[in-house]
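Written below as structure tokens is the structure these notes are about.
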Amino acid sequence: MKTLTNFPYHQILVLGLAKSGTAAAKLLHDSGKKVRVNDLKANKQDPSVKELTNLGIDVITGGHPMSVLDNIDMLVKNPGIPYENEIVLEAEKRGIPVITEVELAGRLVNDSIIGITGSNGKTTTTTLIFEMLNQSNCKTQIAGNIGNVACEAAQTMEMDEQMVIELSSFQLMGIQSFKPKISVLLNLFEAHLDYHKTFENYKQAKANILRNQTNDDYVVYNANDPEIEDIVQNAQAVKVPFSIAEKQPAGAWCDSEYLYFKQEKIIALSEITLVGSHNLENILAAVSAAKLGGADNKGIHQVLSTFTGVKHRLQFIANINGRLFYNDSKATNILATSKALSSFAHPTILLAGGLDRGNAFDELIPSLESVKAMVVFGETADKLARTAAQAGIETIEYAKDVKQAALQAYGLSEKEDVILLSPACASWDQYRTFEERGDMFIEAVHTLE
């Protein structure tokens, strides 16, 4: 098991438990550091609290007393905790560095990391890269928001192994020396402004993925996204662009028939099982990173000809009496739903709704051309119903939840219709997570079989 060496901090506060906080505390403890943990919501009976306490780690729960910062020279913050948190603000005032757990992972395996970030498509692209490398017999671990906690995975990695990691803006804000060998920038649009306050702050957080790269590293980037092009303009890493619109001699691209990496023909587009133009962008990014990471064409072809999607990301569920059901519960914003709708030529019944963050849905209207009916639910049901009416959709129904929405949509449908759950909203008004929302939809669909 690897431990931290040449790490110049000795008394460390881990703020926030969950999986990443627990893993960070254990790594720091194993590395001979004096560790203190503070979590507002945990209690002494939680398994993670008991585990850390049994290791001799001081765990403070139920509040954030300023005394947790006494004698501390480094703070490891849970990515979800805002920088306005009183402990974080006080740490910065005292000159205590604030990092996130991925920085610890980087300290262990920086030169073996393939890091993926962007506003949409991170999980799909991360999974594709991981599967392509695996099918090519390259030793690989998947980590971050999917797979193991990054620093936990890093501790067990072998010399010839790579880590494929999905990286959020929250994680990237808290890095010092973290440096992927291959960074992937998918796209960028306004998101998480409740956390970052401004788009420029959000953009800078994403740009941190390039901050420590050198000309021995690579950046795979979307050549059709102006914000991404702006970010990579001054990148030190070797630039590897991808595009669905034009030939890219230095990266991945496609014509009307085939997908290419540089001048090499990889696969016929007709053989790719994952639907949607946005997923084609994700595929081009994945092919680029996988090829740079050592994947072969056979392994890439095997994945692209069989992969039908990550759960809750435009996931095909079933064909029931000619109706095609898709679960896109991860679509928690308008752009994600717009991209999902653009994936289908068939008449579509859209299931949408969820947490009301105060925004309107006018931007969704151009994407509703193929929508024959909408079933709306949650806090935004009225807003979405008005949007549907403005788009000229005549059939609009209300449902109490996604289970009822699935049943109602089936009743409205005909053969060859697509029934798509793509909420355009977060799930927290009715569900703990978008996964829970998607699982309820899947369960409801299977009752129709």
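The values are calculated or read from the model by the stated rules, or taken from the named source; none is laboratory data. Computed from a predicted structure; not experimentally measured. Glycine also receives a Cβ, built like all others from the backbone with ideal geometry; neighbour counts cover every protein chain displayed. Heads up: the accessible areas ignore ligands, DNA and RNA and are worked out on the full protein's heavy atoms, side chains in. Shrake-Rupley method; radii C 1.70, N 1.55, O 1.52, S 1.80 Å.
Looking only at segment 189-204, decide whether some residue is part of a loop (DSSP other than H, G, I, E, B), closer than 30 Å to C425 by Cβ, free of Cβ contacts under 8 Å to residues at least 12 places away in the same chain and of a type outside the set (A, V, I, L, M, F, W, C). Taking every residue of segment 189-204 in turn, at least one turns out to be part of a loop (DSSP other than H, G, I, E, B), closer than 30 Å to C425 by Cβ, free of Cβ contacts under 8 Å to residues at least 12 places away in the same chain and of a type outside the set (A, V, I, L, M, F, W, C). Flag: Q141 matches the condition of being free of Cβ contacts under 8 Å to residues at least 40 places away in the same chain, buried (at least 20 other Cβ atoms within 10 Å of the Cβ) and over 14 Å from the mean Cα position of the chain (by Cα). For the structure I just gave you, tell me whether A391 is closer than 29 Å to I146 by Cα and open to solvent by less than 60 Å² (accessible area, probe 1.4 Å). Taking the combined requirement at face value, the residue does not satisfy it. Which one is least open to solvent (accessible area, probe 1.4 Å) among residues in segment 292-312 that are of a type outside the set (A, V, I, L, M, F, W, C), more than 16 Å from G121 (Cβ to Cβ) and in a loop (DSSP other than H, G, I, E, B)? Restricting to residues being of a type outside the set (A, V, I, L, M, F, W, C), more than 16 Å from G121 (Cβ to Cβ) and in a loop (DSSP other than H, G, I, E, B), the top hit is G293.
Close contacts from segment 233-254, counting a first residue that is more than 25 Å from N212 (Cα to Cα) and modelled with pLDDT under 95 and a second that is open to solvent by 10 Å² or more (accessible area, probe 1.4 Å) and part of a loop (DSSP other than H, G, I, E, B), with Cβ to Cβ under 6 Å and a gap of 6+ residues or different chains, come to A245/N224.
Conditions tested, residue by residue: (1) closer than 22 Å to P82 by Cα; (2) of a type in the set (S, T, N, Q); (3) open to solvent by less than 40 Å² (accessible area, probe 1.4 Å); (4) assigned to a loop (DSSP other than H, G, I, E, B).
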| site | (1), (2), (3), (4) |
| --- | --- |
| E158 | no, no, no, yes |
| G174 | yes, no, yes, yes |
| S177 | yes, yes, no, yes |
| N187 | no, yes, yes, yes |
| P249 | no, no, no, yes |
| S256 | no, yes, no, yes |
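For segment 84-95, the criterion of being within 20 Å of N201 (Cβ to Cβ) and surrounded by 18 or more Cβ atoms within 10 Å (Cβ to Cβ) is met by at least one residue.
Kindly provide the set of residues from segment 433-449 that are under 13 Å from A409 (Cβ atoms) and surrounded by 21 or more Cβ atoms within 10 Å (Cβ to Cβ), ordered by number. Across segment 433-449, the qualifying residues are F441, A444, V445. Looking only at residues of segment 200-219 that are among the charged types (D, E, K, R) and surrounded by fewer than 16 Cβ atoms within 10 Å (Cβ to Cβ), we find that the one that is farthest from K122 (Cα to Cα) is D216.
Looking at K50, K41, which is the one that is in a loop (DSSP other than H, G, I, E, B), open to solvent by 50 Å² or more (accessible area, probe 1.4 Å) and not aliphatic (A, V, I, L, M)?
Numbers: K50 fails: in a loop (DSSP other than H, G, I, E, B).
Going through K50, K41 in turn, the sole match is K41.
For the structure I just gave you, tell me whether V76 is β-branched (V, I, T), modelled with pLDDT of 95 or more, under 25 Å from the mean Cα position of the chain (by Cα) and under 15 Å from L28 (Cα atoms). Yes, satisfied.
Can you name every residue in segment 313-331 that is buried (at least 22 other Cβ atoms within 10 Å of the Cβ) and assigned to a loop (DSSP other than H, G, I, E, B)? Those that are buried (at least 22 other Cβ atoms within 10 Å of the Cβ) and assigned to a loop (DSSP other than H, G, I, E, B): R313, L314, D328, S329, K330, A331. Considering N187, N120, N134, N148, the condition of being under 16 Å from G21 (Cα atoms) and among the polar types (S, T, N, Q) is satisfied by N148 alone.
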